[in-house]
Amino acid sequence: MGADLPPAMVSQLSQLFPLPAWSGCGHVAQLRHPRTCWMWSRCLSPGLQTYARRPPDSRLIHHLNATGWHVNPEHSEAPGRQRKRFYQNVSITQGEGGFEINLDHRKLKTPQAKLFTVPSEALAIAVATEWDSQQDTIKFYTMHLTTLCNTSLDNPTQRNKDQLIRAAVKFLDTDTICYRVEEPATLVELQKNEWDPIIEWAEKRYDVEIGSSTSIMGPSIPARTREVLVSHLASYNMWALQGIEFVVTQLKSLVLTLGLMDLRLTVEQAVLLSRLEEEYQIQKWGNIEWAHDYELQELRARTAAGTLFVHLCSESATVKHKLLQQ
């Protein structure tokens, strides 16, 4: 399957997902070890929503249906078809355009019949692990990384880099942690204590003004803030931007997503911060048996997969840049 993940990548992953799951990860056989399966269990649970809370257009519906989702424009959250596993072995090979996934002797293709090629070996290992982790039945709706790769390769909505960046930055207008309640006092204090430090970090990190508001209109985001964040996101490649927008739609927050990408937050921290008010209500009124826990684990799985996707898509460029510096 190839060499071990680069030490720098192992270090990044250990910060993102703080459990001893990444020591010695090199190929599918190693990743299937119980200790190293923890991260993948986060990425392989059902319920992937590629564009949450956005009505999909016909091209995206066709793309998701082909990937394994049965998408109804009025209800796009139900998992779709399953297929009996038809392969024994999963491997990766390096081709002219990048790294390819092989199912026995068949090369994996996208829903639009393009050769499934990813930009880094680390990402190829991750995708191969998704396919190797399937049991008797292939559950396409559990394969978050594969779906994100298909989206990057086929680009079903035909958006360019600038459009992806603008879509992510637009979430500032409705960013979860920028909207505050006026009562009850305990929730007001909780939001202040938990969300203010993240906003303050982002303002200092990017030298911008973000703020918060109790108005239904939300905070007034200065034009300069948007310009700075647009410029920052432009440093990512198209694949990484697909992952960033995916994470933003899960957390409903660009600020929390930036915290994840900069390793200021772990996945668990970002998810809990995005669900702060809901968790407050659960503590006050009680938990609905299985439902709330399922939603929490689902959100963690999608957020972990999207975050991992961004870092693995950026890995090859980072390594190349460091080699050039040396």
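Can you say whether Leu108 is under 21 Å from Met238 (Cβ atoms) and open to solvent by less than 10 Å² (accessible area, probe 1.4 Å), as far as the supplied structure shows?
No: the conditions fail for Leu108.
Can you work out which of the residues in segment 222-236 that are more than 25 Å from the chain's Cα centre (by Cα) and under 15 Å from Phe171 (Cα atoms) is surrounded by the fewest Cβ atoms within 10 Å (Cβ to Cβ)?
Step by step, filter segment 222-236, then rank; the result is Ala223.
What are the pairs with Cβ atoms under 6 angstrom where one residue, in segment 122-145, is farther than 17 Å from Asn89 by Cβ and the other, located anywhere, is of a type in the set (Phe, Trp, Tyr) and in a helix (DSSP H, G or I)? Sequence gap at least six, or different chains.
Leu145/Phe309
Search segment 153-168 for residues that are over 13 Å from Ile244 (Cα atoms) and pair each with any residue that is open to solvent by less than 20 Å² (accessible area, probe 1.4 Å) and assigned to a loop (DSSP other than H, G, I, E, B) when their beta-carbon atoms are under 8 Å apart and the residues are at least 6 apart or on different chains.
Leu153/Thr110; Leu153/Phe116; Asp154/Thr110
Could you list all residues from segment 115-131 that are at pLDDT 95 or above, over 17 Å from the mean Cα position of the chain (by Cα) and of a type outside the set (Phe, Trp, Tyr)?
Leu115, Thr117, Ala128
Out of the helices (runs of 4 or more DSSP H) lying entirely within segment 171-288, which hold 2 or more residues that are farther than 19 Å from Lys161 by Cβ, at pLDDT below 95 and in contact with an Asp or Glu (Cβ under 6 Å, 6 or more places away or on another chain)?
none
The values are calculated or read from the model by the stated rules, or taken from the named source; none is laboratory data. Please read all numbers here as calculations on a predicted model, not as lab measurements. Positions of Cβ are generated from backbone atoms using ideal geometry, with glycine treated the same way; all protein chains shown enter the neighbour counts. For accessibility, only protein heavy atoms count, side chains too; no ligands or nucleic acids. Shrake-Rupley method; radii C 1.70, N 1.55, O 1.52, S 1.80 Å.
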